1. Looking at this structure, is Val26 more than 21 Å from Glu165 (Cα to Cα), within 16 Å of ligand 2 (Cβ to nearest atom) and at pLDDT 90 or above?
2. Considering each of Gly75, Gly65 in turn, give the residue that is in contact (Cβ under 8 Å) with a residue 24 or more places away in the chain, more than 16 Å from ligand 1 (Cβ to nearest atom), over 20 Å from Val200 (Cβ atoms) and in contact with a strand residue (DSSP E or B) (Cβ under 9 Å, 6 or more places away or on another chain).
3. Out of everything in the range 42-59 that is buried (at least 24 other Cβ atoms within 10 Å of the Cβ) and touching a Ser or Thr at 6+ places or on another chain (Cβ under 8 Å), what residue ends up being farthest from Pro80 (Cα to Cα)?
4. Which fully enclosed strands (runs of 3 or more DSSP E) of the range 8-59 have 1 or more residues being closer than 15 Å to Pro73 by Cα?
5. Tell me which residues, restricted to the range 23-41, are within 13 Å of ligand 1 (Cβ to nearest atom) and surrounded by fewer than 20 Cβ atoms within 10 Å (Cβ to Cβ).
Amino acid sequence: MTARSPGDVAVRLHDASIGYDDVPIVARVDLTVRHGEAIAVLGSNGSGKTTLARGLLGLAPVLGGDVEILGAPVGRLRDPGRIGYVPQRHTVSGAVPATVREVVSVGRLARLGLFRRLRAADRVAVGEAVAAVGLADRMEEPIASLSGGQQRRVLVARALAAQPELLIMDEPTAGVDAASQDALAEVLARVSAAGTTLLVVTHETGPLASVLARAVVVDQGRISYDGPLAGAASGSGEHHCGPVADAGRPGYRLDQPTVTARPVRSLGGGR
Ligand SMILES: Nc1ncnc2c1ncn2[C@@H]1O[C@H](COP(=O)(O)OP(=O)(O)OP(=O)(O)O)[C@@H](O)[C@H]1O
Ligand SMILES: [Mg+2]
């Protein structure tokens, strides 16, 4: 068991470049995420958010610098089940004849290791994760019979079921209705309060603003802002790092694909 305390480093990128086919997309980035932090990763389409997330998971190659995750160089973590991941794309394949319960159980098995049987506590965790995304009544249904947004929620449940130390979610609310986004925010608030480190790529900070205190804005593969989420609303290139006086205020929106200036007079910090 690895006992971690808040303040320990969960993710560290030092001069890190991540890309594909030797072409860096994320270039020479420095970022430190402490255990227990809840971070929004913002930025316009194509800025490199998913590449950054995939780099942390070892799914996109680190081309330079250092990337360390839960105390190990990327890809060298002995127990990958400590990291949960909700990929951006996309839904669960309709070709897989699996039920909601089965898909979410796979998330739990990832934590236990393959060929281990689920015990009662694991089944409880699976049930709780599915309930947390509001799909308890669909437990035995084939995934293929669910809508796209519901399938996204199953993927969130799959990640939650493993009760990871670090949860990386790539646009978990994309295509998810407002009520379910609010429900997800509640779930994330709970897992964050329990100590899970959250890294959430999103274009819709509104519902999650009360959970994600810090924001990192990725702009053309570089981090152009790192500070309170509310401050991310005031410009991608500027560092308005006032206190998060109004965490409930949306700072970045799908209908504003770049981080544009928004009135932030009431956000404090600049009294
Ligand atoms: N597998 C890949 N091979 C080569 N290039 C890629 C690959 N995936 C992404 N890219 C390129 O990397 C750049 C950043 O893509 P990325 O998916 O990281 O952006 P993003 O910030 O997540 O965007 P979005 O908000 O649309 O999800 C884009 O120019 C994209 O074309
Ligand atoms: Mg992306």
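The values are calculated or read from the model by the stated rules, or taken from the named source; none is laboratory data. Keep in mind that what you see is a predicted model, and the values were worked out from it rather than measured. Cβ sites come from the backbone with ideal geometry, for glycine too, and all protein chains shown count toward neighbours.
1. So Val26 passes the test.
2. The unique qualifying residue is Gly65.
3. Among those that are buried (at least 24 other Cβ atoms within 10 Å of the Cβ) and touching a Ser or Thr at 6+ places or on another chain (Cβ under 8 Å), it is Gly43.
4. Ranges flagged: 9-20, 23-34.
5. Val23, Ala27
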